[in-house]
Amino acid sequence: MIHLSAIEKSFGGLAVLKRVSVSVAEGTVTALIGPSGSGKSTLLRCVNLLEIPEAGRLTLGGEVLDFTGRPPARDAVRRIRRQTGMVFQNFQLFPHRTALGNVMESLLVVQKWPAPKARARALELLDKVGLAHKAEAWPLQLSGGQQQRVAIARALASSPRVLLCDEPTSALDPELAQEVVDVLARLAREGTTMMIATHDLRLAASVAHEAIMLDAGEVVEAGASAELFTTPRQARTRRFISTLTPDVSLAPSPARHETHEPGAA
Ligand SMILES: Nc1ncnc2c1ncn2[C@@H]1O[C@H](COP(=O)(O)OP(=O)(O)OP(=O)(O)O)[C@@H](O)[C@H]1O
Ligand SMILES: [Mg+2]
C-alpha cells in the first residue's frame with residue numbers, strides 16, 4: 001500500500017538514496033536500520049515529501065507521484081502529506097500549547113474541525129497513549145517519554161495511513177524509551193501501519209514485522225524482521241547488527257495484526 005520505486009535523492013551532488021525500492025503492506029510495521037548517514041531519515045522524509053526525490057515513484061493510498069521530470073504539483077504533495085504522520089527524535093511539540101492543544105492543533109487548523117469535536121478526538125488519542133490525565137500539562141512539565149507519547153498522539157490525530165517515526169526513542173533514557181516502545185507496540189497490534197527508523201534493536205525487534213537494512217543509500221537486505229535480525233543473509237547486515245545491543249535473538253517476534261493478510265499490499 002506504500003510503494004517507493006527506484007527513489008533517487010541527492011544533496012549537492014552527493015547521492016543519498018540510490019534507486020531505493022520499498023513496499024510496506026497495510027497494517028505492518030517496517031524498521032529501517034543501518035549505519036549513521038545511510039539514508040534512513042531521508043527515506044522517511046521522501047515518504048511525506050519533506051524531501052522531494054529527483055527520480056522514482058511514490059504510491060500511497062490512491063495517490064501515485066512520479067518524480068522523474070517536473071516537480072510534483074503542490075496539491076498532490078499536500079494530498080500525500082495529509083496521509084502521513086511524523087514523529088521526530090526530539091518530539092518537536094509546540095511549547096506554547098498544552099498536551100491537548102498540541103494534539104488538537106492540526107484538527108483545528110488543517111482539518112477545520114469545530115473545537116468540541118477536535119477536543120473529544122484529542123482526548124481519545126491522549127487516552128490511547130496513556131496520558132489523558134496530562135491533557136492540560138505544558139510540554140516542559142512532561143518527561144521526555146511523555147512528550148514523545150503526546151507527539152505520537154498528535155501525529156495520529158488526522159488518522160494518517162502511515163505513521164513515520166524517526167528515531168522515536170533515541171533521545172530517551174531506557175526506562176522512558178520503554179514507555180514509548182510499549183505505545184508503539186500497542187499501535188502495531190491495532191494494525192497501525194508504521195515505518196520506523198531506529199538504532200534501537202529492542203524497539204525494532206519487539207515492534208517491527210519487516211526490516212530493511214540501508215547502507216550508503218542502498219537497500220542491502222530486506223525481509224521479515226525476525227529473520228533479518230537473527231540470521232541476516234548479507235555480511236554487511238551481519239556486521240552492522242553485531243554492533244548493536246541488545247541481543248535481538250532473545251526478543252520475541254511481534255504478533256501481526258489479526259486482520260492483516262501476509263503478502264497483502
Ligand atoms: N538537508 C541536507 N543537506 C545536505 N545533506 C544532507 C541533508 N540531509 C541529509 N544529508 C546527508 O544525507 C546522508 C543521509 O542522511 P540521513 O540523515 O538520511 O541518514 P540517517 O541514516 O538517518 O543517519 P542517522 O542514523 O545518523 O540518523 C548523510 O550523508 C547526510 O549528511
Ligand atoms: Mg536519521
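Going residue by residue through the range 179-198, is there one that turns out to be out of contact with any Cys (no Cβ under 6 Å at 6 or more places or on another chain), within 16 Å of ligand 1 (Cβ to nearest atom) and over 19 Å from residue 242 (Cα atoms)?
For the range 179-198, residues out of contact with any Cys (no Cβ under 6 Å at 6 or more places or on another chain), within 16 Å of ligand 1 (Cβ to nearest atom) and over 19 Å from residue 242 (Cα atoms): present.
Which condition number in (1) part of a loop (DSSP other than H, G, I, E, B); (2) within 16 Å of ligand 1 (Cβ to nearest atom); (3) over 13 Å from the mean Cα position of the chain (by Cα) is the one that residue 22 fails?
(1)
Scanning the range 23-47 for residues that are surrounded by fewer than 21 Cβ atoms within 10 Å (Cβ to Cβ) and closer than 30 Å to residue 243 by Cβ, which turns out farthest from ligand 2 (Cβ to nearest atom)?
Step one: filter the range 23-47 for residues surrounded by fewer than 21 Cβ atoms within 10 Å (Cβ to Cβ), giving 23, 25-27, 35-37, 41, 45.
Right, trim to closer than 30 Å to residue 243 by Cβ and you get 23, 25, 35-37, 41, 45.
Values: 23: 21, 25: 24, 35: 10, 36: 7, 37: 8, 41: 3, 45: 9 Å.
Looking at residues that are surrounded by fewer than 21 Cβ atoms within 10 Å (Cβ to Cβ) and closer than 30 Å to residue 243 by Cβ, I get 25.
Looking at (1) within 16 Å of ligand 2 (Cβ to nearest atom); (2) in contact (Cβ under 8 Å) with a residue 60 or more places away in the chain, can you tell me which one residue 158 breaks?
(1)
How many residues are within 16 Å of ligand 2 (Cβ to nearest atom) and out of contact with any Leu (no Cβ under 8 Å at 6 or more places or on another chain) when one looks only at the range 48-86?
Step one: of the range 48-86, the residues within 16 Å of ligand 2 (Cβ to nearest atom) are 48, 50-51, 86.
Then drop every residue that is not out of contact with any Leu (no Cβ under 8 Å at 6 or more places or on another chain), which leaves 50-51.
So the count comes out to 2.
Among (1) surrounded by 15 or more Cβ atoms within 10 Å (Cβ to Cβ); (2) modelled with pLDDT under 95, there is one condition residue 15 misses while meeting the rest; what is its number?
The number of the failed condition is (2).
Return the only residue of 68, 59 being of a type in the set (Val, Ile, Thr), farther than 18 Å from residue 222 by Cα and at pLDDT 95 or above.
Details: 68 fails: at pLDDT 95 or above.
None of the others qualify; the one that does is 59.
Against the definition (of a type in the set (Phe, Trp, Tyr), surrounded by fewer than 21 Cβ atoms within 10 Å (Cβ to Cβ) and under 27 Å from residue 188 (Cα atoms)), how does residue 94 come out, yes or no? Explain how you work it out, then say what you get.
Details: of a type in the set (Phe, Trp, Tyr): yes; surrounded by fewer than 21 Cβ atoms within 10 Å (Cβ to Cβ): yes; under 27 Å from residue 188 (Cα atoms): yes.
Taking the combined requirement at face value, the residue satisfies it.
Considering only the range 1-16, state which residues are near ligand 1 (Cβ under 9 Å from one of its atoms) and touching a Leu at 6+ places or on another chain (Cβ under 6 Å).
9
The values are calculated or read from the model by the stated rules, or taken from the named source; none is laboratory data. This structure is a prediction, so every number in the text was calculated from the model and none was measured. Every residue, glycine as well, gets a Cβ built from its backbone with ideal geometry; the counts of neighbours run over all protein chains shown.
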